[in-house]
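Asker: Provided herewith is a single structure, encoded as structure tokens, for subsequent inquiry.
Just so you know, all these numbers are worked out from the coordinates, no wet-lab data involved. Everything quoted here is computed from the prediction, not taken from an experiment. Here Cβ is always computed from backbone atoms with ideal geometry, including for glycine, and neighbour counts include all displayed protein chains.
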Amino acid sequence: MPKLERSDLWSLEEYAEKRADFRSEVMQHKRHRNLNLGEHMRLYFEDAKTIRYQVQEMLRIEKVFEAAGIQEELDAYNPLIPDGMNWKATFMIEYPEIEERKQMLGKLIGVEDRVWMQVEGFDRVWPIADEDLERSTEEKTSSVHFMRWELEPSMIVALKKGRSLFAGVEHENCHIDAIECSDPLRISLTKDLKNIEIN
């Protein structure tokens, strides 16, 4: 999946005109790119479309129109676009009550490293989390993490042939058994991957 360039973006004026329609398109797209892991955790899988929306929104909010500023936003967000051999996602830990959230973030230190994906018939794939900066401390984990799962070519081929996809969490204070990804999610994630031929 190619990275975004300045030529892929609308100017602030163009985006103002197209924003409502584009936002509706992206929200529909996102419906098939997230996964609940129990009641309090969710994965939001990123791709070029979701990241383009994020960049356009940041440029709009910050009123950035100079080339250097636009490139700065692209440099910050482009690493979140999968490259055809992996998936990338924003991982959210969601507890609405402040005290409960504080308590659980203390119990879930390291959970970002224990959220697995599994193609039917293959071993679990563990994530590489927070490559840009450390988001956990000795006292608590963050409520937001960024993750990458690297897939083997044979896994990609199997997915392209229709194998099921599962996810779960294996942490001392949070065990979530295998959840099968819905067909729309599996199909959407499979489209992120290269076409590979294995002899």
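Asker: Rank Ala67, Ala158, Ala48 by mean-square fluctuation in a GNM of the chain with C-alpha springs under 10 angstrom and give only the top-ranked residue.
Answerer: Among Ala67, Ala158, Ala48, the largest mean-square fluctuation in the Gaussian network model of the chain belongs to Ala67.
Asker: While we're on this one: Would you calculate a helix-derived [θ] at 222 nm for the chain, using -39,500 (n - 2.57) for each DSSP H run of n ≥ 4 and dividing by the full residue count, to the nearest 500?
Answerer: Dividing the helical sum by the residues of the chain leaves -11000 deg cm²/dmol.
Asker: Which distance in Å, rounded to a whole number, links the C-alpha centroids of segment 27-92 and segment 119-162?
Answerer: A separation of 16 Å, based on Cα centres.
Asker: Return the single residue from Glu13, Glu94, Glu73 with maximal mean-square fluctuation; model: Gaussian network over the chain, springs between Cα atoms under 10 Å.
Answerer: Greatest mean-square fluctuation among the candidates belongs to Glu13.
Asker: Pick the calculated semi-axes √(5λ) of the Cα gyration tensor in Å for this structure from (1) 47, 17, 12; (2) 29, 24, 15; (3) 25, 23, 16?
Answerer: Only one option fits the structure, namely (2).
Asker: List the aspartates and glutamates whose Cα lies under 12 Å from the Cα of Lys30, skipping any in the same chain that are fewer than 8 positions away.
Answerer: By straight Cα distance, Lys30 reaches Glu46, Asp47.
Asker: Of Ile93, Ile176, Ile156, which is the most mobile in a GNM of the chain whose springs link Cα atoms less than 10 angstrom apart?
Answerer: Ile176
Asker: Also, I was wondering about something else. Return a single number: how many Lys pairs in segment 75-199, at a sequence separation of 8 or more or on separate chains, have alpha-carbon atoms below 19 angstrom apart.
Answerer: Final tally of qualifying lysine pairs is 9.
Asker: Looking at the chain, identify the longest residue range that excludes and avoids all trypsin sites (Lys or Arg not before Pro) in DSSP loops having at most 11 other Cβ atoms within 10 Å.
Answerer: Working: sites that count: Arg31, Lys63, Lys161.
Between the exposed loop sites, the longest stretch runs 64-160.
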